[in-house]
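Here the structure comes first, spelled out in structure tokens, and everything after it is commentary.
The values are calculated or read from the model by the stated rules, or taken from the named source; none is laboratory data. Keep in mind that this is a model prediction, so the values were computed, not measured. Cβ coordinates were reconstructed from backbone atoms using ideal geometry, including for glycine residues, and neighbour counts include every protein chain displayed. Accessible surface areas use protein heavy atoms only, side chains included; no ligands, DNA or RNA. Shrake-Rupley method; radii C 1.70, N 1.55, O 1.52, S 1.80 Å.
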Amino acid sequence: MNKQIAVGLITLIFLPGCVGAVSDLGINNGALAPCPKTPNCVNSQAIGEKQYIQPICYEGTREDARARLLQILGSQRRAKILTAQENYIRAEFTSALFRFVDDVEFYFPKEKSGEMVIHIRSASRIGYSDLGANRKRIERIRSEFLK
């Protein structure tokens, strides 16, 4: 009986909010949205060490880098590309078990002094900890991109 109560409580806590609300996403004044205070977000424009992740550096044109990234995102399991603009890509990744949704954004700013980067933000919509899932996802995408 105690097991059934525990399962019921967990279901009530997790399932209603699996999709969650989409926060303010996109580019605002040349920056992606800051991460919330929870440890389930990484951002290449973050100041805090725990949420900071390096942007993806590339050579060549922004168009080529964008096409390469779209190809990689298109090959990812449970990924859905929602926006693919000239300087911005937004995708959703859905977890297999509980169907949690993570918002992943890529920003291609104009080149400054020879530096060509893709800024990144990956964040869980709900919950507190993601056990490093967003960071691992971005590092996996980075690894594919740099092959």
Condition check for Gln54: in a loop (DSSP other than H, G, I, E, B) and modelled with pLDDT of 90 or more: yes
Which numbered condition Leu82 misses (of (1) under 17 Å from the mean Cα position of the chain (by Cα); (2) under 21 Å from Glu139 (Cβ atoms); (3) at pLDDT 95 or above): (2)
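What number of residues in the stretch 86-100 are outside any loop (DSSP other than H, G, I, E, B) and among the acidic types (Asp, Glu)?
At the first step, the residues of the stretch 86-100 found to be outside any loop (DSSP other than H, G, I, E, B) are 88-94.
Within this subset, residues satisfying the condition of being among the acidic types (Asp, Glu) are 92.
Summing the residues that are outside any loop (DSSP other than H, G, I, E, B) and among the acidic types (Asp, Glu) in the stretch 86-100 gives 1.
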Count of the stretch 35-70 residues which are in contact with a strand residue (DSSP E or B) (Cβ under 8 Å, 6 or more places away or on another chain) and farther than 18 Å from Val101 by Cα: 14
Selection from the stretch 57-85 of residues that are assigned to a loop (DSSP other than H, G, I, E, B), open to solvent by 70 Å² or more (accessible area, probe 1.4 Å) and over 12 Å from Tyr107 (Cα atoms): Glu59, Ser75, Arg77, Arg78
Total residues in the stretch 24-48, condition farther than 23 Å from Leu131 by Cβ and open to solvent by less than 50 Å² (accessible area, probe 1.4 Å): 3
Single residue of the stretch 124-147 satisfying the filter (outside any loop (DSSP other than H, G, I, E, B) and of a type in the set (Ser, Thr, Tyr)) that is surrounded by the fewest Cβ atoms within 10 Å (Cβ to Cβ): Ser143
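Can you name every residue in the stretch 1-35 that is over 13 Å from the mean Cα position of the chain (by Cα), at pLDDT 90 or above and in a loop (DSSP other than H, G, I, E, B)? Break it down into steps so the answer makes sense when it comes.
First, pick out the residues of the stretch 1-35 that are over 13 Å from the mean Cα position of the chain (by Cα): 1-21, 24, 27-31.
Narrowing further to those that are at pLDDT 90 or above: 27-31.
Hits for the stretch 1-35 are Asn29, Gly30.
Taking Arg121 as the residue in question, decide whether it is open to solvent by less than 30 Å² (accessible area, probe 1.4 Å), in contact with a strand residue (DSSP E or B) (Cβ under 6 Å, 6 or more places away or on another chain) and among the charged types (D, E, K, R).
So Arg121 fits the description; yes.
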